[in-house]
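The values are calculated or read from the model by the stated rules, or taken from the named source; none is laboratory data. Since we're looking at a predicted model, the values are computed, not measured. Note: ideal-geometry Cβ built from the backbone for every residue, glycine included; neighbour counts use all protein chains shown.
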Amino acid sequence: MNISIIIPTYNEKENISKLIPQIFDVFTRNGINGSLIVVDDSSPDNTAKEVKKLKERYSIRLIERKGKQGLGSAYITGFKKAIDLGSDIIFEMDADFSHDPEYIPEFVRFMDDYDMVLGSRYIKGGKIENWALWRKIVSRGANFIAGLLLGLNVRDITTGYRAYKAEVLRRIDLDEIRSNGYAFQAEILFRVKEKDFEVKEIPIMFVDRKKGESKLSKTEIIRFFILCINLGIKRIISFS
């Protein structure tokens with residue numbers, strides 16, 4: 001079983017230099033045949049240069065893109081590359097240590113029985129550490145509204161720690177996905193559920209980044225709610 005983890009980066013030099021060795025240590029200790037696909041959007045801090053150094057020791061593919069093109073398009077670029085490489089399971093993962101690599105084997109364990117596994121902060125056993133109150137309110141509110149409008153029956157719709165069977169991503173028309181950033185997670189989950197794939201949530205501890213700045217902006221939040229309204233309308237029309 002071949003596993004690819006997609007990691008989008010923008011100014012993550014300090015984090016990525018520590019995260020990548022940890023991920024491959026998890027692979028080795030758990031007998032996982034895994035590789036990384038890093039998608040970097042011309043980071044001014046030379047993140048790509050740091051990844052190139054690590055490529056000498058680890059199985060990493062680096063995709064360098066011109067300009068800051070956004071999280072959603074970075075994941076889609078990574079998904080397509082992983083599919084082309086024949087990956088069986090494809091992960092999403094942040095570069096900032098919000099997502100602990102030690103959970104990777106737990107995701108893999110459930111992939112025999114489910115098509116998609118989500119690392120959830122909002123089911124029993126899930127936790128959030130070091131988040132400001134406003135971030136908690138925004139996240140809870142976003143998940144409540146998305147759940148209400150989209151009918152996804154998932155507690156943590158916006159989580160960015162995920163694993164998909166490659167077949168799931170092959171069946172979704174990735175080129176039709178228009179959202180970027182925060183809204184991307186909701187849209188792709190909506191499309192997964194549209195195809196009646198089986199989704200499993202597992203509890204994770206989410207830890208806010210210690211280095212670098214959050215990529216979440218007010219504009220991203222507004223776009224998220226607009227997306228949910230549009231997809232909610234589409235859902236109602238499909239039922240009528």
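Say whether the condition of being over 28 Å from E129 (Cα atoms), under 17 Å from the mean Cα position of the chain (by Cα), at pLDDT 95 or above and in a helix (DSSP H, G or I) is met by at least one residue in the range 89-104. Checking the range 89-104: not a single residue is over 28 Å from E129 (Cα atoms), under 17 Å from the mean Cα position of the chain (by Cα), at pLDDT 95 or above and in a helix (DSSP H, G or I). Counting residues in the range 12-22 that are basic (K, R), in contact (Cβ under 8 Å) with a residue 24 or more places away in the chain and in contact with a helix residue (DSSP H, G or I) (Cβ under 6 Å, 6 or more places away or on another chain) gives one or more.
Considering I236, I221, which residue is over 24 Å from D112 (Cβ atoms), outside any loop (DSSP other than H, G, I, E, B) and at pLDDT below 80? Exactly one residue qualifies, and that residue is I236.
Consider the range 52-88 and keep the residues that are assigned to a helix (DSSP H, G or I), touching a strand residue (DSSP E or B) at 6+ places or on another chain (Cβ under 7 Å) and of a type in the set (A, V, I, L, M). The one that is farthest from R162 (Cα to Cα) is L54. Taking the stated definitions as given, is E92 surrounded by 22 or more Cβ atoms within 10 Å (Cβ to Cβ) and among the acidic types (D, E)? For E92, the condition - surrounded by 22 or more Cβ atoms within 10 Å (Cβ to Cβ) and among the acidic types (D, E) - is met. Scanning the range 43-88 for residues that are hydroxyl-bearing (S, T, Y) and modelled with pLDDT of 95 or more yields S43, T47, Y58, S59, Y75, T77, S87. Pairs meeting the criteria (first residue in the range 60-74 and over 16 Å from K49 (Cβ atoms), second residue of a type in the set (K, R) and assigned to a loop (DSSP other than H, G, I, E, B), beta carbons under 9 Å, at least 6 apart or on different chains) are L71/K215; G72/R178; S73/R65; A74/R65. Quick check: anything in the range 123-130 within 14 Å of the chain's Cα centre (by Cα), in a loop (DSSP other than H, G, I, E, B) and basic (K, R)? No, that holds for no residue. The lone criterion from (1) in contact with a strand residue (DSSP E or B) (Cβ under 9 Å, 6 or more places away or on another chain); (2) outside any loop (DSSP other than H, G, I, E, B); (3) at pLDDT below 95; (4) of a type in the set (V, I, T) left unmet by V117 is number (3).
Please specify each residue of the range 39-58 satisfying the condition of being touching an Asp or Glu at 6+ places or on another chain (Cβ under 9 Å) and among the aliphatic types (A, V, I, L, M).
V39, A48, V51
Candidates are the residues of the range 163-187 that are over 14 Å from the mean Cα position of the chain (by Cα) and in a helix (DSSP H, G or I); the one that is surrounded by the most Cβ atoms within 10 Å (Cβ to Cβ) is V168. Among the residues of the range 105-121, those that are within 13 Å of the chain's Cα centre (by Cα) and among the aliphatic types (A, V, I, L, M) comprise M116, V117, L118. Restricting the search to the range 26-48, which residues are touching a residue at least 12 places away in the same chain (Cβ under 8 Å) and either part of a strand (DSSP E or B) or among the charged types (D, E, K, R) (or both)? Result: N33, G34, S35, L36, I37, V38, V39, D40, D41, D45. In the set G125, G232, only one residue is in contact (Cβ under 8 Å) with a residue 24 or more places away in the chain, over 26 Å from T9 (Cα atoms) and surrounded by fewer than 12 Cβ atoms within 10 Å (Cβ to Cβ); that residue is G125.
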